Structure formats: C-alpha cells, structure tokens
Amino acid sequence: MPTGTFLAIARGGGGRSAVRRLLAGQLSRNLLALREVVALSQDVGHPHAPLARHAWTLLAELRRDAPGAARAVLGYPSVSVWAVRTLAALRDGEVGAEPALLGAVVAAVALRAGSRARVVMPTAPTGATVVALPGLGLLRRGPGEAAGKPDGGGAALHGHGAGGAGLTGGGAELTVDGGRGLVALDGVPATPAGDARLSWQPTYRLRARGRGAVFHLDDPWALVEPASVVPVDAAGAAHWRARLAPGWRLLATRHRSSAADLAEAVSVLTPLRRDPAGRPLAALAGGGTPAELTAPLISGTFPAAVGCIALAGTGDARTIAATLVHELAHNKLAALDDLFPLVEPTGGARHAAPWRAGPRPLPALVHGLYAHVAVGGFWLRQRHHETAAGRHLARAEFVRIRAACREVAGLLRAADGLTGHGRLLVEQLDTVIAGWADRPAPGRGRLVHDRAGRGRPVRDQAGWWAVATR
C-alpha cells in the first residue's frame, strides 16, 4: 500500500480507490486461508480432503473463466468467517470441521457466472442437508433415505446459472442427490420437481438509487451454521427497506463520499433479532450495559466479516446515516488491521472510554476512536444542511464527540501496546481532531443558499430502495 493511501485511510478518508485496495487485501487473505484449508485437511487426513481438493480445482477454473463472479463470492463476509473458522478448527483438531463446504462457495460462483459445476457436501446421517450459497440463499433438503449417497453420506450438488453473470435469467437449476428442483432467484421459490423435500430460500437484497449500493440481508455465519440461520423473507426485506431508506437518502444527497465508500465496502446487512427483554441475540451483545443493549437502534461489526453491518431497531434519518458512517469506519479499520496490525499481541491493558460503560481493551479503544472521528466529521458536515433546531442538535453532537475523541487520542498517544502503524494512525487522527478546534456553526446565509439550491421535499423515502433477490 502506498504511504499516501495509508495516511489517507488513517485520517478516515481515502475514497473508493482506498476501499478497493482494502477489499483486495481481504480477498487475498481469504484465498490464502482457503488454500490452507485444502492443504491442512489433506495433511491431517480429514475425510473431506478429496472433496475439498476437487472444489479447489473447480474454483481455480472459475477464477480464470469468471473472475468477476469469483471476486464477488470470495470476498463475501460469510466466506471470510467460514474460512477463518474452518482453518482454526482444522489446526485445533476439532471434530466439527467441514472443509468440504468449500463446495458451496464454488457452487455460488458457478451460479453467478452461469457456469457448470458439480460439488459434493456433507449431509446428516438421515440425508438432511442445509447448504448456504453465499449471497444467493439457503438450499434445504429434508431427511430421507441416506443410502447411496456419494462418498458415503454426501449431497451431490450440480448447479449452473440460467442467465449468465448476475443471474439475470431469473433462475438456476440445482440437483441434490438426483432430485431436480428449479430454484427461483426472483423471490418466488418454485415447487421442486422430483424431490418434494427440496426447498429454496433466496437472500433478499436492497438496491439503492444514486450510488449503486447493493446490500444483501444475510447472516455472516450462514456457511458455518446454516441450520440456525433465520432468513429474511419478502415482508422483512420490505420492512428494512422502509427503515433504511431515509438514512441512505441523507448520505447519498448530503454526504456523497460516505455513501460512495459505503456502497463499495459493505455488501451485507444483518438484521439482529431481539430477545423478550429487547436485547439483540448476537455475539456483539456480549458487552455493554442494559441501556446500551436495549437502545432504539443498535449496530455492530465483526472483525472476521469485513463488509457486514449488523443492525437492530431504527431511528430517524440522521441517526441511521450516522450509524452507517460509524460502522463503515469499523469495517475499514478491520481491513487495515489485517494488513498492518495496529496493536501488539501483548497489549492487554484496558482503559476507560467516554462512549462506553466499563474499561475497554486497547484494540477496541483504537476502533472506537477511528469510528467516532468519522461520526464527528459527519455531524460537522451535517450542520450545513439543517434548520435552526437541527443545526443546534448537530453542533451539540459534534462538540460531544470532539471532546471524547480528544480525550481518547491523548490516552492512546501515551499508552503502551501500539505498533508503529498503530501510532501513525493515532497521530493522523489526532491531527484531524486538532483541526476541529472551535469550528463555528454555519451562518444563516449558507443555510438559505443550501435550502434554495439543493433542499427538496421528500415525498417517498422508501422509493430510494428496491427489494430484489437477484
């Protein structure tokens, strides 16, 4: 990475070219992890080793013939999570490691590319199987006669796209254990022909106007634990469309660089379910006070799933937009940290953070500072697009975040445990914060100009989104 690009990212910027470079690093990391999964499964004598090797060979051919489809799948958050988890399980000798699920990745690439592929994946002893095809959906096959399965208990999956790259033909034909089913990819699952136990649940997508964002409503653990995934249905997709549209419109019209970066960096939105007490049922709920976990809008990211934002609840347009900016920053920093570790492995000290209850470990503090600098910049810009009451709120948020960032930047500059790259990052953030000193609110003349030149009534916020499965 060029020094200038690192410094731009460290200050919270860099633009779409910098985001593409970060995502290229994630793709490279995933390919290395997948290759190691195949090699290690063979070294330890895992029974899936031949299936994984076959899938790897097919993947190499698809990468050559359909590089765009391969990049889209191999960089998908659930593939990242599965690769990391499977590699760790093989190294630790865990019984549950399933390297043959690389076949699901290959099938997804083939379907996107309109190519043919035949892969075999493990099933339960009853013959039941749930397979997540990254970015496409869940294929379920109910229990039945398990005898005669290929390789002593697997489900053979043949797939080819019906309309070339992007599945523009609207369907795909999949064969599981000889039972053929037409799997609809336009939102209406077709009745399987020849195997009534075969069903398909598509992954719905939100397509935004303006900057061309496409967000899959999916679970980053879908490949690891497909049977526990609760897919978003058509009604749920429409619900999230209505929730997110106002915030996206604000970003696309008033914070265009953030909207462009978000469209480039994030491919998955994970709707979080809540328990009866209102707390999100997800790993990110492991920390935080009851008030934090029952707030109207809760969000989070997963370091192993760059490109994913988890959400529960809702808020007004400004709250949603600021939340998306916050989580975009976490995604960018997680990708940067994979390339240039920011905290020493021994950095175990914990420090108080003004934005969270209880002390935070050093990596979380660095992430918090980076994300809050991004949100501070959002409110600084947003002041120019507000009425008098809204401008007061934006300034109050900006002043609060500025004070918190100053405190944490000073703490981190004096703390032990940062790498050289980590210190450089904090120095760049400190420079941004110093530039915020006593910034005045915009005058009435600027506000009137903005209202006259760009302000338009919003008649249909949800019209900025379309729900689709292809």
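The values are calculated or read from the model by the stated rules, or taken from the named source; none is laboratory data. Computed from a predicted model, the values in this text were never measured in an experiment. Glycine gets a Cβ as well: all are built from the backbone with ideal geometry, and neighbour counts include every protein chain shown. SASA here: full protein model, heavy atoms, side chains in, ligands and nucleic acids out. Shrake-Rupley method; radii C 1.70, N 1.55, O 1.52, S 1.80 Å.
Across region 306-385, the relative contact order, built from alpha-carbon pairs under 8 Å that are at least six residues apart, equals 33 percent. Spin-label pair ALA357-ARG63: with each label point 7 Å from Cα along the Cα-Cβ axis, the two points sit 4.7 nm from one another.
Geometric descriptor of region 61-108, per residue, is 72 Å³ (volume of the convex hull of the Cα atoms).
Ranked by the mean number of other Cβ atoms within 10 Å of their residues, highest first, the peptides 223-232, 242-251 come out as 242-251, 223-232.
Each peptide among 99-106, 300-307, 384-391 gets the average number of other Cβ atoms lying within 10 Å of its residues, and from highest to lowest they stand as 99-106, 300-307, 384-391. Here the 3J(HN,Hα) profile of region 214-224, calculated from phi with Karplus coefficients 6.51, -1.76 and 1.60 at θ = phi - 60°, is 10, 10, 7, 8, 9, 10, x, 9, 4, 6, 6 Hz, Gly and Pro shown as x. A 1.4 Å probe run over the protein chains yields, for region 1-129, 42 Å² of accessible area per residue, whole-number rounding.
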